[in-house]
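Encoded as C-alpha cells, the structure appears first; notes follow it.
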Number of protein chains: 2
Amino acid sequence: MATTLGLPISEVAQLFDVTTRTIRYYEEVGLLSPVYDESGVRRFQKRDLARLKLILRGKRLGFRLAEIREMILLFNEDRTGRKQLERTITYGEQKIQEVDERIEELHALRHDLMDYKEKFQQKYRALQGESGD
Amino acid sequence: MATTLGLPISEVAQLFDVTTRTIRYYEEVGLLSPVYDESGVRRFQKRDLARLKLILRGKRLGFRLAEIREMILLFNEDRTGRKQLERTITYGEQKIQEVDERIEELHALRHDLMDYKEKFQQKYRALQGESGD
DNA sequence: ATTAGCATTAACGTTAACGTAAAGGGGAAG
DNA sequence: CTTCCCCTTTACGTTAACGTTAATGCTAAT
C-alpha cells in the first residue's frame, strides 16, 4: 500500500474555499509546512489540513495570524525540560481563558444588539397601533 | 442647570485607553459624530461614549469597522415605513444569529485547544514518570 | 513540437486601521 | 508679548494579509 503523497495546493484551496495564494502565504509565515514531492510540488497531508482548518477557524473569529501562530506553535514545539513543559501548559491554560473571556464579550455584544432590537420593535409596534388598528 | 457640553477628545481617549487619532479616525469613517463647540472643539456626550464603547467591544472581538458600522447604523437610522422597519428587524435578528454562530465557533476553538493541551500533558506525565518516580 | 493546464518563485500593488509628523488656532499663565 | 498646552486639519508612513502580474517549469494531450 503506497502512502498517499497528499493533496496538491489547488485541491486544498477548493476544499477550504480559499485561494492558493492564501495557502502559500500561510506557509511563507510559518503556519504551514507541507512536504514537497520530487518535482517541487507541495503535498498537503492530513496534519496540514487539520492545521489549516484551525487557522481558518481562527481567522473567522478575527484572530490575527500572529495570534494563531502562537496557539499552534504553543503545543507543537519540541520543548524539553520540566520547567519548559510546565510553562507551556500554563500559557496554554491562559490562552483558553482568553477564549472564555471572548465568549463572554460576545454574549455582552449579543445583549446590546438585543436591546437595540427591542427598542426598535417598540417603534414598530407604535406604528402598527397607529394605523393598523 | 447648564447642559454639559461633553468631554473633549483627550479625556475620552484616556477613559477608553485609546489614542485621539483612533477616535478621530472613527469619526472620519462615520462611526462617531460628536458635536463641536463654538471654537471648533469636539465634545463627546453620553451617546457618543456609549457608541464608542460598543465599537471597541466589537474591535476586541475582531470585527472590522465596516461590520461594526453595519451593526450600529442598523437600528439607528430613521427608517420609516413598515416594510423598512420589518426588514431592519429581520436583518438585526440575522446579525444576532451570526453572533451566536461565532460563539459556537469559539467553543470549537476552545475544544481544539483543550485537545492540544491534553495531548501535551500526556507527554509531560511521561517525563514525570520517567525520572520523577 | 506545440499547446494546455497546473505548478513554482519573485516582486510589486492594495486595503484597513491606524501612527506620526507638520503647520497652525485659542486661551490661560508668566 | 511670549510660552505652553490642548485643540484642529492635512497628509504622508506603516503593517498585515493577501491580490495580481510576470516569468518559468513539468507533464499530458494533440
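No lab work stands behind these numbers, since they all come straight from the coordinates. No experiment lies behind these values; they were computed from the predicted model shown. All Cβ positions, glycine included, derive from the backbone under ideal geometry; neighbour counts span all protein chains shown.
For this structure, a couple of remarks:
- Length-normalised contact order for segment A:1-63 - Cα pairs under 8 Å, 6+ apart - percent: 35 percent
- Computed FRET value (nearest 0.05) for A:Glu101 with A:Glu67, which takes r as the C-beta separation and R₀ as 22 Å: 0.95
- Against chain A, whose longest principal axis is taken from its Cα atoms, helix A:82-131 shows a tilt of about 30°.
- Sorted from shortest to longest, the distances between the B:Gln94 label points of this copy and the other copies are 4.1 nm, with each point 7 Å from Cα along the line through the beta carbon.
- Over all Cα atoms in segment B:1-77, the spread is summed up by Rg and Dmax: 12.6, 41 Å.
- For the peptide A:115-125, the mean number of other protein chain Cβ atoms found within 10 angstrom of a residue's Cβ is 4.
- Between 0 and 90°, nearest 10: helix B:65-74 axis offset from chain B longest Cα axis: 60 degrees
- Whether segment A:78-133 is rounded, prolate or oblate, judged on the alpha carbon gyration tensor where a/c under 1.5 counts as rounded: prolate
- Overall shape: oblate for chain A, with the ratio a/c of the largest to smallest alpha carbon gyration tensor axis at 1.5 or above and b/c at least equal to a/b.
- Once C-alpha pairs closer than 8 Å and six or more residues apart are averaged by separation and normalised to the residue number of chain A, the relative contact order reads 16 percent.
- Shielding of B:84-93 by partner chains, average beta-carbon count, 10 Å: 3
- Of all beta-carbon atoms in chain B, the one sitting closest to the axis that brings chain B onto chain A gives B:Gly62, 1, with the distance in whole angstrom.
- Placed amide H near A:Phe44: partners under 5 Å, 5+ positions off or other chain: A:Leu7
- Among A:Thr19, A:Val35, A:Phe63 - extreme Cα towards positive end, dipole of segment A:1-63, charges at beta-carbon: A:Phe63
- Distances between copies at B:Gln14, taken between label points 7 Å from Cα along the C-beta direction, are 6.1 nm in increasing order.
- Alpha-carbon spread of the protein assembly as shown, three principal axes, descending order, Å: 78, 41, 36
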